[in-house]
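All of the numbers you see were taken from the coordinates with simple rules; none came from a lab. For clarity, every value in this text was computed on a predicted model and none was experimentally measured. Note: ideal-geometry Cβ built from the backbone for every residue, glycine included; neighbour counts use all protein chains shown.
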Amino acid sequence: MIKKWWQDSIVYQIYPKSFQDSNGDGIGDIKGIIDRLDYLKDLGINVIWICPIYKSPMVDHGYDISNYYDIDPSFGNMDDMELLLKEAEKRDIKILMDLVINHTSDKHIWFQKALEDLDSKYADYYIIKEGKDGTPPNNWRSIFGGSAWERIGDTNKYYLHLFTKGQPDLNWENEELRNELYKMVNYWLKKGLAGFRIDAIAHIKKDFSYVNLPADAPDGLVGAWEYHRNVKGIEVFLDELNEKTFKIYGSMTVGETDVKEVDRLVDFIGENGCFSTVFDFCHTLYHVNDEEWKDKPVEMLKEIRDKLFEKQLGSVKYGFLSNFIENHDLPRAANRFIPEKEVGFYSESMLATMYFFLRGIPFIYQGQEIGMTDFPKKSIDEFLDLATHQNYKTYLGKGLTEEEALKRINVECREHSRTPLQWSDDENAGFTTGTPWFEINPNYKHINIKEQEDKENSLLTYYKRLIKLRKSKDYKEVLIYGDTIPIFEQYDGVIAYERRNEKQRILIINNCVNKSSTIKFKENIKNVLLNNYKEIILDKESLELRLYQSIVLEINN
Ligand code: GLC
Ligand code: CA
């Protein structure tokens, strides 16, 4: 395997709107990020991924870009961005921006020109098709709900939008469009970006071989995933994108795509793949509060474990996955994986240990390192995200009462992870001196960074230990490149694995439930590298794991 600089990355994801406001307008901004670089340096991470900060009407919080070459004024300006790159470099921190190239905003000049003249070249930058007798070209559903097609004025033409109607899909079959995109990517790479997280990239290739498909719900529409996600032929686009941009700069690239069949990973993260790593969501789509898993944490964990290991083992021969438990599209991990009464230091440090040492690139989402939690709302009006409102409507359409629909939204909605970061117990959690754009979780009074900094037994300190271990001279080789071998699979509620190379053996053992577990254990321990409890209960034959105990052990080879 060829070694690359990004393989020892530990990435911190910033949701800029909610990270740190510097000018009192209630919206996080680039200057706010600069002000907090020392915090991130001290945490130990070495790469930051910033969600979109380009010019945008913010229909989807910046994932709808109206000008790729400009910064949205709510976040600052290009000088701020250049300063951020410089200040980050001083601290040996690299920056990834979000790259949204499956779609633009409907306010992007290309789309505006397309609308002005449906015969212009710009109309072919998008996917515009003829409707049939006043109905859309086909019955595909948008990923955010409702038809994926929007009629253009009173014409019989429709444009495709896999996300909101403010996000028209780009036509990747058009070579001129592709070259425009590559030019833009290189513009940013030249500025000194280390790379990109690449949004919704699985969807750039569409298969229109079917017009209508059998509906999968009462709305008459169909998800049609096989026709717009990782469609065969996508690798041709990805190769070209890589050749003309990332490869030239040796960039780090994080593709947002779960590749269902592991063998296809070769096209994505293989030696010649477009991406350094991909974000696979398969293990994250579980929730202890879903009807299916209520009171069955052990069964849920077993599925999560199987999914994780299947992907781990399947990906090794090709490359590196991204390891994560949180991001801006998911509710907080503690709420998803841990029954409410048991959320706390032990369960949260266990979750952290469980995923952090898997083979691949570890990601931490802002606030995860202090155990920020979901903030359920009393009314649907308190949510701001279009996708949330669309889901709510879908539930009502399926016959749920308003109360039931709100309850589901409160469990599964992605906005929970977007509340402002809790820096301190000062007013507005130290996030802003103004009125925050989104209500702050009132638990900031006791869950905040200041409270946990320099405290021996806080989650934040624990995260620093994880990061330090993963970066340490003595262990990084095995933790980055070593094999992953699932162990102790016969024990319910335990997720454990070994990382191993010719020289070293490291065991990562996590008891993911709130009852103790005794496992047969005869290994000869060389070093205890991490333990979220003070002690280890060990005798000649067995190891007793306490509730939510996690330990990382070096074993004599
Ligand atoms: C990705 C982003 C999500 C966004 C969507 C559309 O999934 O992570 O936040 O809404 O793409 O751009
Ligand atoms: Ca601001």
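Just want to confirm a number: the relative contact order over segment 102-250, from Cα pairs under 8 angstrom separated by 6+ residues, in percent.
About 23 percent, as a whole number.
Residues in segment 532-557, backbone N under 17 Å from the label point at K520 (7 Å along the Cα-to-beta-carbon vector): list them, ranges by number please. Counting backbone N atoms under 17 Å from the label point, the list is 539-545.
What number comes out for the charge environment of G367, summing +1 per Lys or Arg and -1 per Asp or Glu over other residues with Cβ under 12 Å away?
Values: positive: R332, R418; negative: E326, E348, E369, D374.
With Lys, Arg at +1 and Asp, Glu at -1, the neighbours total -2.
Could you please tell me the mean projected area of the C-alpha convex hull for segment 109-160, averaged over all directions and given in square nanometres to one decimal?
Details: hull surface 14.9 nm².
Average of the hull's projected areas for segment 109-160 equals 3.7 nm².
Apply the Kirkwood formula to the chain: the hydrodynamic radius equals the inverse of the mean of 1/r over all pairs of different alpha-carbon atoms; give it in Å with one decimal. Intermediate results must be reported in sequence, preceding the final value.
On the way: mean 1/r = 0.0407 Å⁻¹.
Answer for the chain: a Kirkwood hydrodynamic radius of 24.6 Å.
Once C-alpha pairs closer than 8 Å and six or more residues apart are averaged by separation and normalised to the residue number of segment 109-160, the relative contact order reads 30 percent.
A compact globular protein would have a Cα radius of gyration near 2.2 N^0.38 Å; the ratio found for segment 335-447 is 1.21. Once the Cα-Cα distance is subtracted from the 0.36 nm per residue extended length, the D306 to K294 segment shows a gain of 2.4 nm.
The distance linking segment 4-64 with segment 493-536 is 34 Å (Cα centroid to Cα centroid, whole angstrom).
Backbone geometry of segment 137-153 corresponds, through the Karplus equation with coefficients 6.51, -1.76 and 1.60 at θ = phi - 60°, to 3J(HN,Hα) couplings of x, 7, 9, 5, 9, 5, 4, 9, x, x, 4, 7, 10, 10, 6, 8, x Hz, x marking Gly and Pro. Among the listed pairs K31/K455; K86/K445; K294/K455; K17/K296; K86/K183; K503/K534, a Cα-Cα separation exceeding 31 Å is found for K86/K445; K294/K455; K17/K296.
Contact order, relative form, for the chain: 13 percent (alpha carbon pairs under 8 Å, 6 or more residues apart, mean separation divided by residue count). The Rg/Rh ratio for segment 480-555, using Cα coordinates for both the radius of gyration and the Kirkwood hydrodynamic radius, is 0.94. Strictly over 19 Å apart at the Cα level, which of K165/K206; K307/K407; K94/K471 would you flag in this model? Distance filter (> 19 Å) returns K307/K407. Normalised by 2.2 N^0.38 Å, with N the number of residues, the alpha-carbon radius of gyration of segment 71-200 equals 1.27.
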